[in-house]
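Here the structure is laid out as structure tokens; the discussion comes afterwards.
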Amino acid sequence: MAAAAERGTGAVSRRDDLAANLAELEARITRACTAAGRARDELTLIAVTKTWPVSDCLLLRDLGVTELGENRDQEAAQKAAAVTGVRWHFVGSVQTNKARNVASYADVVHSVDRPSLVSVLGDGAVRTGRTVDVLLQISLDGDPDRGGAEPSAVPGLGEQVAQTAGLRLAGVMAVAPLGADPADAFARLAEVSHRLRADHPAATAISAGMTGDLEQAVVAGATHLRVGTAVLGARPAPLR
Ligand SMILES: *Cc1c(COP(=O)(O)O)cnc(C)c1O
């Protein structure tokens, strides 16, 4: 009786849904790796849980997901406090006045694109006795409004991160430009990564690829996939 009643609750079927989504996504990633001649273990999957409840984060953790991503400080801070035992990735643009707080819970910040952010993140990491992995977000469409540093700014920014206490330069990240071929964009990101690694050999991470374009990212050498929709379902339309 108890089991039947439990099966009737949303929590049980949500777990099954997430498990099925993860299995399907895993098969898709494996196919992409095979097609690209890469090994599955070269890629880390980050489940982007923004807009979904803490209960989903806990279910994903129970299902073996070890990396979770968020894009807004307040929501991310609450979830990181409630869900331990996973690595938290901050993937959204960071407002300078939120950066100190982000550095207090994020294990990896994917979206560092300007010098002012580097110093504040470093300060937040040092104050909390943490080391935060930093990815430089690269603009691949020349549109500064969408965030990301110009490729020409990468050497300077990389050097600044490398010299900032509390931060570790881990690599690069990009979001494919709207309306352009993601394969071309990710190829350019790979070039930026190649140049950065000449100066910083440990900065090997390439964060690229979401639900719509992960195959192209795998071809271009991505090491971290940031996937929301394929794991959790379609998000409600954002307010604004
Ligand atoms: C929301 C988000 C994702 C996940 O996008 P999906 O298309 O739902 O997989 C990845 N990266 C960033 C920066 C995001 O904000």
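The values are calculated or read from the model by the stated rules, or taken from the named source; none is laboratory data. These numbers were taken from a predicted model, which means no experiment stands behind them. Counting neighbours? That spans all protein chains shown, and the Cβs are built from the backbone with ideal geometry, glycine included. Surface accessibility is based on the protein's heavy atoms, side chains included, excluding ligands, DNA and RNA. Shrake-Rupley method; radii C 1.70, N 1.55, O 1.52, S 1.80 Å.
In table form, for the structure just shown:
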item: Unmet criterion (only one of (1) among the hydrophobic types (A, V, I, L, M, F, W, C); (2) within 12 Å of the ligand (Cβ to nearest atom); (3) in a helix (DSSP H, G or I)) for Ile46; result: (3)
item: Subset of region 126-153 (residues that are surrounded by fewer than 19 Cβ atoms within 10 Å (Cβ to Cβ) and either at pLDDT below 95 or part of a loop (DSSP other than H, G, I, E, B) (or both)); result: Thr128, Gly129, Arg130, Thr131, Asp141, Gly142, Asp143, Pro144, Asp145, Arg146, Gly147, Glu150
item: Any pair with Cβ under 6 angstrom, 6 or more apart, that starts in region 33-55 at a residue that is more than 16 Å from Asp213 (Cα to Cα) and ends at one that is open to solvent by 40 Å² or more (accessible area, probe 1.4 Å) and part of a helix (DSSP H, G or I); result: Arg40/Thr30; Val54/Ala82
item: Selection within region 183-207 - under 17 Å from the mean Cα position of the chain (by Cα) and more than 9 Å from the ligand (Cβ to nearest atom); result: Phe186, Leu189, Ala190, Ser193, Ala203, Thr204, Ala205, Ile206
item: Of all residues making up region 208-239, the number that are of a type outside the set (A, V, I, L, M) and away from the ligand (no atom under 14 Å from the Cβ); result: 2
item: Test set (1) within 16 Å of the ligand (Cβ to nearest atom); (2) touching a strand residue (DSSP E or B) at 6+ places or on another chain (Cβ under 8 Å); (3) in contact (Cβ under 8 Å) with a residue 24 or more places away in the chain; (4) farther than 16 Å from Gly171 by Cα - Val86 fails condition number; result: (1)
item: Output for region 89-112, where each listed residue is in contact with a helix residue (DSSP H, G or I) (Cβ under 6 Å, 6 or more places away or on another chain) and free of Cβ contacts under 8 Å to residues at least 24 places away in the same chain; result: Phe90
item: Counted residues, region 27-44 - those being within 22 Å of Ala187 (Cβ to Cβ) and open to solvent by less than 50 Å² (accessible area, probe 1.4 Å); result: 8
item: Subset of region 169-188 (residues that are more than 11 Å from Leu136 (Cα to Cα) and in contact with a strand residue (DSSP E or B) (Cβ under 9 Å, 6 or more places away or on another chain)); result: Val175, Phe186, Arg188
item: Cross-chain or 6+ apart pairs with Cβ under 7 Å, region 58-75 first and over 12 Å from Leu45 (Cβ atoms) and of a type outside the set (A, V, I, L, M), then open to solvent by 50 Å² or more (accessible area, probe 1.4 Å) and at pLDDT 95 or above; result: Arg61/Gly85; Asp73/Lys98; Asp73/Asn101
